[in-house]
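The structure appears below as structure tokens.
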Amino acid sequence: MLNIKKSCRSLLIGLICVSAFSCKKDFLENTDKTRLTDETQWASEGNADIYLNDIYGSLCNKWNDPENLDNFTDDNDAGFYWPSWSWRQGIVGPSVEEGMPMDNRGFDPNATTYASWDAVYTKARRCNLFIEKLREHADNFSPEWMDQRIDEARFLRAFFYTDLWLHLGGIPIITDVLDRKSDDESKIYNKRNSFEETVSFLTTQLDSIVNNGYLAVKYHNGDANAGRATLGAALMLKGWIELYAASPAFNDAVPAVGSNPDGVAGYGNYEEQRWAAAAATFKQFMDNYGGEYDLYPDIADIWLADNEYHQEVIWDRQVVPDITEVSSSPFGTYNMASAFGTYGGPVYVNGVYYTWGNYDPTQELVDQFCMANGKLITDPASGYDPQDPYVGREQRFYDFIVYDGAHYEMDWMEHADTIYTRIDKVNPSDNQIDFGSDDVGNTGYYFKKRLDPTVVPGGYESGQNYIYYRYAEVLLGYAEAQNEAVGPDASVYNAVNKIRARSGLPDLPAGLNKDQMRAAIRRERRIEFCFEDKRFYDLIRWKDAMNLLNKDRHGMMITNTSPNDNSGKWVYTPVPLNHPHVFTQKMYLNPVPQSVIDQNPNIIQNPGY
């Protein structure tokens, strides 16, 4: 598989309905790929690759969701016109948004299908069919190629199932190709596997892939197979599943949702060993793959297209600039390019409207960035001045957040701009905080993390790959699991301090107890992974959502004590956003869509729905 972005952009345009992920020259040397029959599809490795590459093409391009998962958290405040607005008022049910509150397909049919029952099982069925057909036609393939491709399909199936499990708990595990015409009802109408059974299946599959060793440990920029599944991706996914499952929402006698019918919502007991298992997996990653993976030196440049597949990238989804309206997805026409820059960042730059302003960091998030000396802003010795709050903060603050008075300069801009969100009657700014009346930010902040600095916002022009997992998650995943299983030993400090050192922060203070270390790790996760679609899952698994998502969030209002001439002082006042926020216990899991319940009498609904 040639790297799509380096080798075959023009071929992709010509064969766009054939494959989103492969452009080998032999695709043109055989049967017309747009007219493949079942017989010719499996007649050669090249033909069979087309089918698998289309499965890769169904990986969610989350860049193109104008409402990413951070809209469902306390880190972001978005407009009232998005589905998350209803969800944040507690309006969720089996028939609301078709029972899939995170599946917003209006802009790109394949951007948000990760939480969709029908989409996940469509993808899983294609993986099952691919595996079945390869085994049926084994004589047409070399053993080495077949071993690798089957493990790629097994990984993809586990990845798809994991996404649904994160939102629903136990799900039906289907590994065969079902046929309504020939299979009896006992095989067609599957029950939901328990939470524990689902975890066991996923981790066993991934462990098998790692132990087989058929896949590469990692691909690098320019490698022909960059974008395919790797051993690193399989082991990272296993560790993430174990970390999630070991967390308080599920690793307890009573799961977060309050009841546990058929064991679908959690384990039904607490075992410390579950934390230890997650720690062991992440340690295995560091010990075995540490030579291939590491932190990238400059966190601001992690997502640049020119830097793709660097040492921190574990698993990503390839993106191609300017390629839109690909028709090979079973979910409709989608885009290979990224429009992320259209949705976030400052709305006005140098007086011109560019973005929708969807991603507005809350004051609650901003307050988590510590000072450059490593101290929290609540520490009297930190040097923090609430009336000069943007001076002396840690480097990630300046890399991620656009604040009042921030210097803003991207490669695509003719000249730099200064972004003002203050309320200024003398020199009014287009980006002045407006508390939700239009696209301009509600909170007094924008973000710039992950924005493509080379592309003018406003279209599907960015080619930055969407990174699902990066090495920082191995370090912080290990630190969290090891702290829970053993306590804050030296290895926990080493993992967290490596993250801090990249941003120029001093080491954590010595002598922290388990609770203090837990708080430190959670803060590091919140800052390090903000606006990467991670915070939602952390709030759920830590069982913090009931507490944190029932509170109003805040923005920063900046006014002058002499507003008519600005001769006074600028005053910084955190103000409530006055937006409704309701999170009820049942919302720790999504509902099973009513259409699924109607079709399959053996599927039970999640508690509370």
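Numerical summary
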item	result
Binned Cα-Cα distance frequencies in region 227-286 - 10 Å width, integer %	24, 41, 26, 10, 0
For region 486-545 versus region 226-285, the gap between their alpha-carbon centres in whole angstrom	18
Acute angle (nearest 10 degrees) that the helix 490-502 long axis makes with the longest principal axis of the chain, alpha-carbon atoms	70
Kirkwood hydrodynamic radius of region 297-407, Cα pairs, Å	17.3
Region 123-206: C-alpha pair distances exceeding 18 Å, %	49
Of LYS218/LYS586; LYS375/LYS534; LYS375/LYS425, those spanning more than 30 Å from alpha-carbon to alpha-carbon	LYS218/LYS586; LYS375/LYS425
Probe 1.4 Å - accessible area at TYR348, Å² to nearest ten	60
Equivalent ellipsoid, region 438-523 (semi-axes from 5 times Cα gyration tensor eigenvalues, Å)	35, 16, 12
Quotient of Cα Rg and 2.2 N^0.38 Å for region 36-178, N being how many residues it contains	1.25
Whole-number D in µm²/s for region 433-578 (Stokes-Einstein; Kirkwood sum over Cα pairs; 4 °C, 1.567 mPa s)	69
Region 289-324-region 394-434 distance, computed between alpha-carbon centres (Å)	27
For the chain, diffusion coefficient by Stokes-Einstein and Kirkwood Rh (Cα), 20 °C, 1.002 mPa s, µm²/s	85
Selection from LEU156, ALA279, VAL92, by position along the positive dipole direction of the chain (Cβ)	ALA279
Volume of the Cα convex hull of region 243-325, divided per residue and given in Å³	178
Net +/- balance of residues flanking SER338 in space, Cβ distance below 11 Å, scoring K and R +1, D and E -1	-2
Filtered GluC sites (Glu not before Pro), region 270-313: DSSP coil and at most 16 other beta carbons within 10 Å	GLU271, GLU272
Convex hull volume of region 497-595 per residue (C-alpha atoms, cubic angstrom)	211
Region 104-152 - convex hull of the alpha-carbon atoms, volume per residue in Å³	84
Pairwise Cα inverse-distance average, inverted: Kirkwood Rh of region 417-467 (Å)	13.1
Angle between the chain longest axis and helix 231-246 axis [Cα atoms, degrees, rounded to 10]	70
Cleavage-rule hits (chymotrypsin sites (Phe, Trp or Tyr not before Pro)) in region 77-120: DSSP loop, at most 13 neighbouring Cβ within 10 angstrom	PHE80, TYR81
Region 116-262, Rg to Rh (Cα coordinates; Rh as Kirkwood inverse mean 1/r)	1.00
Proximal charge balance of ASP163 [Cβ under 14 Å; K/R count +1, D/E count -1]	+1
Folded to 0 to 90 degrees: helix 471-485 orientation relative to the chain principal axis, Cα	90
Low-density loop cleavage sites - chymotrypsin sites (Phe, Trp or Tyr not before Pro) in region 384-461, where at most 15 other Cβ are within 10 Å (DSSP)	TRP412
Cα-only Debye scattering, region 389-447: base-10 log of I(q)/I(0) at q = 0.12, 0.18, 0.24, 0.29 Å⁻¹	-0.31, -0.69, -1.07, -1.23
In sequence order, calculated HN-Hα J values of region 414-427 (Karplus, 6.51, -1.76, 1.60; Hz; x Gly/Pro)	5, 8, 5, 10, 10, 8, 10, 10, 5, 8, 10, 6, 7, 10
Within the chain, helix-based [θ] at 222 nm, where runs of 4 or more DSSP H residues each add -39,500 (n - 2.57), nearest 500	-10000 deg cm²/dmol
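The values are calculated or read from the model by the stated rules, or taken from the named source; none is laboratory data. Everything quoted here is computed from the prediction, not taken from an experiment. Every residue, glycine as well, gets a Cβ built from its backbone with ideal geometry; the counts of neighbours run over all protein chains shown. Note: accessible area is taken over every heavy atom of the protein model, side chains too, but ligands, DNA and RNA are not part of it. Shrake-Rupley method; radii C 1.70, N 1.55, O 1.52, S 1.80 Å.
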